[in-house]
Amino acid sequence: MSNQESKTKNENNEIQEKFQLKQFETILEWTGWGSLATALAILVLMVLIDSINLGSETSAIILIAIYLWVVSWGTGKLVKDNPDAWKYYLYSWTAAIALGAILCVLGVTFVPT
């Protein structure tokens, strides 16, 4: 492989890495704002509609929305502070989201209403 080919390949890898970083930052931002909007919408609906009460399902949805908001916001802050370690943060964020989903399902399943 010539020097020019390896240089072009490195430039392509760098462009692809920057694109993936921007994608991850966008996912974090949308997840954070979306989960915050979900929690606020549920709380507003609870106030406006009398038939919605704070049962275990509603509590679990509110808690998971707040959890997603905090985890996404925190991970986004870490990625902006140290963009070189974004892949590590991607794996950690994915594990935190999976753990949150498992805890939410367990909470709805086993917490009595």
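The values are calculated or read from the model by the stated rules, or taken from the named source; none is laboratory data. Note that the coordinates shown come from a computational prediction; the quantities given were computed from them, not determined experimentally. For neighbour counting, all protein chains shown are included, and Cβ atoms are generated from backbone atoms with ideal geometry for every residue, glycine included. For accessibility, only protein heavy atoms count, side chains too; no ligands or nucleic acids. Shrake-Rupley method; radii C 1.70, N 1.55, O 1.52, S 1.80 Å.
For (1) assigned to a helix (DSSP H, G or I); (2) of a type outside the set (Lys, Arg); (3) closer than 30 Å to Ser92 by Cα, each residue gets a yes or a no:
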{"site": "Thr8", "(1), (2), (3)": "yes, yes, no"}
{"site": "Gln16", "(1), (2), (3)": "yes, yes, yes"}
{"site": "Thr31", "(1), (2), (3)": "yes, yes, yes"}
{"site": "Ser35", "(1), (2), (3)": "yes, yes, yes"}
{"site": "Met46", "(1), (2), (3)": "yes, yes, no"}
{"site": "Asn53", "(1), (2), (3)": "no, yes, no"}
{"site": "Glu57", "(1), (2), (3)": "yes, yes, yes"}
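Please enumerate the residues belonging to the range 34-52 that are surrounded by 11 or more Cβ atoms within 10 Å (Cβ to Cβ), of a type in the set (Val, Ile, Thr) and without any contact (Cβ under 8 Å) to a residue 12 or more places away in the chain. Spell out the reasoning first.
Going through the range 34-52, the residues surrounded by 11 or more Cβ atoms within 10 Å (Cβ to Cβ) turn out to be 34-43, 45-46, 52.
Checking the rest, the ones that are also of a type in the set (Val, Ile, Thr) come to 38, 42, 52.
Residue satisfying the conditions is Ile52 alone.
The rows are residues; the columns are (1) open to solvent by 100 Å² or more (accessible area, probe 1.4 Å); (2) polar (S, T, N, Q).
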{"position": "Asn13", "(1), (2)": "no, yes"}
{"position": "Gly32", "(1), (2)": "no, no"}
{"position": "Leu54", "(1), (2)": "yes, no"}
{"position": "Val71", "(1), (2)": "no, no"}
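With respect to the numbered conditions (1) modelled with pLDDT of 80 or more; (2) open to solvent by 80 Å² or more (accessible area, probe 1.4 Å), which one is the sole condition not fulfilled by Thr26?
(2)
Quick one: how many residues across the range 75-99 are surrounded by fewer than 16 Cβ atoms within 10 Å (Cβ to Cβ), among the small types (Gly, Ala, Ser) and within 11 Å of the chain's Cα centre (by Cα)?
Within the range 75-99, residues that are surrounded by fewer than 16 Cβ atoms within 10 Å (Cβ to Cβ), among the small types (Gly, Ala, Ser) and within 11 Å of the chain's Cα centre (by Cα) number 3.
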